[in-house]
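A short write-up of the structure that comes next.
The values are calculated or read from the model by the stated rules, or taken from the named source; none is laboratory data. In this text, all values refer to a predicted model and were calculated from it rather than measured experimentally. Ideal geometry is used to build each Cβ from the backbone, glycine not excepted, and the neighbour counts take in all protein chains shown.
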């Protein structure tokens, strides 16, 4: 039995190692793709014509702003400007509403932190609460201990509870 | 007909108000023992019965008003302002029907009518539990009074045209709404929004009367599931409409109105899960009450956000000045909920606590947390522009770029819980059962991830690809987990009865429709998530195309056969006929015909997308209009992978919900067909098929 378990464990470990090696090999291959930079930066910008669409998503033929914004973005990338410099240039020209999402500075940072902070606090609070509840559960009684009338009544209540909790619908 | 409609609305309001006040007085008298006190001249039971009948009659009155509006649209009664604004003579009949909810007044009338219809059914079924239904009916009447007051005094749908002279024709329906789905999307969405009023009314009523036990949950279970299903269908029809009509190549733009529909869906989904804990183990009573309160309030908040113009939205046609009314109503609802809760909170004392972090209950709790975190994130993102304007004086944009970073990780985590929950036992799971249940899904996850990386996915290169890889892998794991649950149960029945595996699976589902219906819904969500994950690989190309010109996208070559113009009384249209080739081989017998329409009555344009949908991807072609420089049609093509999976997944979700609403076979009937089990098989059968939800 022990030998069988050992073999199973050994097979499992070998499979896990093979998967790990495959993943490491794959991750160590190609790493960057500069061709998508226009799309990456463009996704962060809004069309300023008032259509409430992203710059890359604006589909109005004859849109007065899209062409100019696209050209500005292409020029920025061609001139080797960093993403931050390009985005700052857009904000200086079109105002803060040109950015598709709040920045990570000042009050804008609250927009990013709040969802994760609330989720984390709720998660930690719940884990602590459940652990506290689990600790306060009464210990199981010994199987061969003498049964008092109160215990018998408790057992009946428990049977009813089990019936209710395991019924199919 | 305008006078008839207005009068019907006024009668409806009077009847709903009578239901509210007479019902309220009767319930108060009953609560303080008015029957025997001699203080009241009217028997509270009889007063409550008259209130119920008034509620039923209010449905007849509001139906008459809705009929009057539809009749007026079909008879081109341009003496009514609403008909002038939202219809015209040339408008095709189905869209005349849709004109009812295309504007503020009509959509509120639809809301009031659906509410009255739900109330009608609720009041007819009062014999299930007369007192509880009396409470729920009275609360529902309170909501009816709000909407009917709005319709009578603030946004009357039968208001006559200014100056009293009816124009010869109307301004027509918003072109964006002239699409088949628009005939069913708003009613479906409203059936969902309005439907949550029923479980809300039952929950508040049960709390007010300190209703013993959990029967109110049994009574409202099918109401809640049906409402949830309608809301789900409504949201997805809206997505499909946006995909087919707006022409930007996507189906979800994180617009505030879209967000407003998603928030009650998330809390409603959380409620559907957590009520099971109350039914089974008497837990989470306060939590459940607040979930359904929040769901109802979020439905109202969503309406407030869109009507008050607080946030800018592509649904600008819905904006008006009734935001203040909704704020007042929301404050009253919140005050009533808080007051009732604090007055009766001792009634919601939990019978049991969670016993283990690794249990079905705890997975429901975490699922609730994640759903509420998603809801908060969306609410936060929707309101942040208002907040930033208040704090900094600048209304910041919160678009898909924001949600891509904050909402997608939460969604992926939710997908994980979709698979983990059903694998855990009630109360506590042993390490052995965990190992047994998680090995196969774990292997499916790892194998899918490695296979996808091996075929060329680079999760390190792009955040979207990373989440896509996670979604595909988790989808494989969750699908494996759910399939093994079905196979395990069906295998036991197969051994018990000798039926083949398929018949055993059907019997398994019939024995516990709620549990296995739920699994089918989860499977549908997995398919939907696979569809969402395809978005990371969308491609597009754009070109001014003369006759004979070609454009490449993915493996396809699009060749323009010609450009055509057509006219009918409703609109003029321009379109291109485009042949599609895959490595030189013609893909479609008929050419694709992306179209741009300009409506005669108001000169508004509309895109009609040509879409060739397969399981692998959608070839989505848009006629953007004529290029001003060259005069040639601008054609934009998108290759959107796996979009069809989203609509297939929706069908599975709807099917699963319907299965879950069907009553299970009673244990006696379920065992009739069973032959005597072979020795040693009874415990396994009991474990596999009797585990509950």
Among the strands (runs of 3 or more DSSP E) confined wholly to the range B:496-608, which include 2 or more residues that are over 17 Å from residue B:632 (Cβ atoms) and touching a residue at least 40 places away in the same chain (Cβ under 8 Å)? B:539-544, B:595-599, B:605-608
Considering every residue within the range B:426-438, establish whether at least one is in a helix (DSSP H, G or I), touching a helix residue (DSSP H, G or I) at 6+ places or on another chain (Cβ under 7 Å), more than 12 Å from every other protein chain (Cβ to nearest Cβ) and modelled with pLDDT under 90. yes
If you scan the range B:609-634, which residues turn out to be surrounded by fewer than 21 Cβ atoms within 10 Å (Cβ to Cβ) and either out of contact with any strand residue (DSSP E or B) (no Cβ under 9 Å at 6 or more places or on another chain) or within 14 Å of another protein chain (Cβ to nearest Cβ) (or both)? B:614, B:615, B:624, B:625, B:626, B:627, B:628, B:629, B:630, B:631, B:632
Does residue B:421 qualify as being at pLDDT below 90, part of a loop (DSSP other than H, G, I, E, B) and farther than 30 Å from residue A:103 by Cβ? no
May I ask you to list the residues in the range B:158-184 that are within 23 Å of the chain's Cα centre (by Cα) and in a helix (DSSP H, G or I)? B:176, B:177, B:180, B:181, B:182, B:183, B:184
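Every residue, every condition in (1) within 14 Å of another protein chain (Cβ to nearest Cβ); (2) buried (at least 22 other Cβ atoms within 10 Å of the Cβ); (3) over 30 Å from residue B:541 (Cα atoms); (4) more than 14 Å from the chain's Cα centre (by Cα), yes or no:
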{"site": "B:222", "(1), (2), (3), (4)": "yes, no, yes, yes"}
{"site": "B:226", "(1), (2), (3), (4)": "no, no, yes, no"}
{"site": "B:240", "(1), (2), (3), (4)": "no, no, no, no"}
{"site": "B:245", "(1), (2), (3), (4)": "yes, no, no, yes"}
{"site": "B:254", "(1), (2), (3), (4)": "yes, no, no, yes"}
{"site": "B:259", "(1), (2), (3), (4)": "yes, yes, no, no"}
{"site": "B:264", "(1), (2), (3), (4)": "no, yes, yes, no"}
{"site": "B:284", "(1), (2), (3), (4)": "yes, yes, yes, yes"}
Is one or more of the residues making up the range B:185-197 modelled with pLDDT under 90, outside any helix (DSSP H, G or I), surrounded by fewer than 24 Cβ atoms within 10 Å (Cβ to Cβ) and in the same structural domain as residue B:240 (by TED's automatic domain parsing)? no
Based on what the data block shows, is residue B:475 outside any loop (DSSP other than H, G, I, E, B), free of Cβ contacts under 8 Å to residues at least 24 places away in the same chain and not assigned by TED's automatic domain parsing to the domain that holds residue B:233? no
Flagged in the range B:139-157 as more than 26 Å from the chain's Cα centre (by Cα) and either part of a helix (DSSP H, G or I) or assigned by TED's automatic domain parsing to the domain that holds residue B:212 (or both), in numbering order, are B:149, B:152, B:153, B:154
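For (1) more than 27 Å from residue B:253 (Cβ to Cβ); (2) within 14 Å of chain A (Cβ to nearest Cβ); (3) at pLDDT 85 or above, each residue gets a yes or a no:
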site: B:280; (1), (2), (3): yes, yes, no
site: B:287; (1), (2), (3): yes, yes, yes
site: B:305; (1), (2), (3): no, no, no
site: B:318; (1), (2), (3): no, no, no
site: B:328; (1), (2), (3): yes, no, yes
site: B:339; (1), (2), (3): yes, no, yes
Of (1) assigned to a helix (DSSP H, G or I); (2) in contact with a strand residue (DSSP E or B) (Cβ under 9 Å, 6 or more places away or on another chain), residue B:414 fails just (2)
I'd like the full set of residues that are free of Cβ contacts under 8 Å to residues at least 12 places away in the same chain and part of a helix (DSSP H, G or I), limited to the range B:380-395. B:380, B:387, B:388, B:389, B:390, B:391, B:392
With the structure loaded, tell me whether residue B:486 is closer than 26 Å to residue B:269 by Cβ, in a helix (DSSP H, G or I) and either within 14 Å of chain A (Cβ to nearest Cβ) or within 25 Å of the chain's Cα centre (by Cα) (or both) or whether it fails that test. no
Within the range A:86-112, how many residues are within 14 Å of residue A:69 (Cα to Cα) and at the interface with chain B (Cβ under 8 Å from one of its Cβ atoms)? 5
Among the residues of the range A:56-85, what is the count of those that are without any contact (Cβ under 8 Å) to a residue 24 or more places away in the chain and either closer than 18 Å to residue B:541 by Cβ or within 14 Å of chain B (Cβ to nearest Cβ) (or both)? 11
Tell me, which helices (runs of 4 or more DSSP H) wholly within the range B:33-120 include 3 or more residues that are under 17 Å from residue B:9 (Cβ atoms) and either in contact with a helix residue (DSSP H, G or I) (Cβ under 9 Å, 6 or more places away or on another chain) or not assigned by TED's automatic domain parsing to the domain that holds residue B:157 (or both)? B:44-74, B:81-86
The conditions are (1) modelled with pLDDT of 85 or more; (2) surrounded by 21 or more Cβ atoms within 10 Å (Cβ to Cβ); (3) assigned to a helix (DSSP H, G or I), and residue B:398 fails exactly one of them. Which is it? (3)
